[in-house]
Amino acid sequence: MYKISIFFIFIVFSFTSCNYFDRIFNKNPDRIDFTSVDEYPMFPSCDSLATIAYKQKCFENTLAKYIQRDLEQHKFSSPLVITDALIIHINVDENGKASLQNLEASTQIKELLPELEALINESIVNFPTLIPAKKRGLYVNSKYIIPLYIVEKTKK
């Protein structure tokens, strides 16, 4: 009987010991999710907001306002009516500097508004220095995709 109980304890210990020692020796068993960040980058004006969700929304709105403001300073003209969208790929590095990575636009937009990409790039380069995104307490590079819709303004 004594041998059976020792054998039983040995079996139970052997099945649980691997997990026990894995937890002790493997300090960081979690996988890192490289597709998301813990905190979004922030414009200095968004830093005082209380929650991460408000900071994220502030970042997105401020980003759109800067680009819109800079594009509204230029008078675009085209012989055709353009109703289209383009996709802006923005990178914010670990130092808080924003840059244009790519601009997806139809051939019609590229032909009718050739200066548009340079203007968007200039707008992004002139952003104030951002507070970079954070992942596990460290500043990291982050990429964002922003749609930009082009619609003709109605004349009054």
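The condition (being assigned to a loop (DSSP other than H, G, I, E, B), in contact with a helix residue (DSSP H, G or I) (Cβ under 6 Å, 6 or more places away or on another chain) and without any contact (Cβ under 8 Å) to a residue 60 or more places away in the chain) is satisfied by just one residue among Ser78, Ser123: Ser78. Taken over the range 59-72, the criterion of being over 19 Å from Asn141 (Cα atoms) and either at pLDDT below 85 or touching a Leu at 6+ places or on another chain (Cβ under 9 Å) (or both) is satisfied by Ala64, Ile67, Gln68, Asp70, Leu71. Does the range 148-155 include one or more residues that are of a type outside the set (Phe, Trp, Tyr) and within 27 Å of Pro41 (Cβ to Cβ)? Yes, that holds for at least one residue. The listed residues are Leu103, Leu71, and the only one of them that is in contact (Cβ under 8 Å) with a residue 12 or more places away in the chain, among the aliphatic types (A, V, I, L, M), farther than 18 Å from Cys46 by Cα and in a strand (DSSP E or B) turns out to be Leu103. Please go through the range 45-65 and give me each residue that is of a type in the set (D, E, K, R) and closer than 15 Å to Pro128 by Cβ, ordered by number. Within the range 45-65, Asp47, Lys65 meet the criteria. When each of Leu138, Leu100, Leu86, Leu49 is tested for being in contact with a strand residue (DSSP E or B) (Cβ under 8 Å, 6 or more places away or on another chain) and closer than 24 Å to Ser36 by Cβ, the lone residue that passes is Leu100.
Only one entry of Tyr66, Tyr144, Tyr149 meets the criterion of being surrounded by 14 or more Cβ atoms within 10 Å (Cβ to Cβ) and part of a strand (DSSP E or B), and that entry is Tyr144.
The values are calculated or read from the model by the stated rules, or taken from the named source; none is laboratory data. Being a predicted model, the structure only gives us computed values, none of them experimental. Glycine gets a Cβ as well: all are built from the backbone with ideal geometry, and neighbour counts include every protein chain shown.
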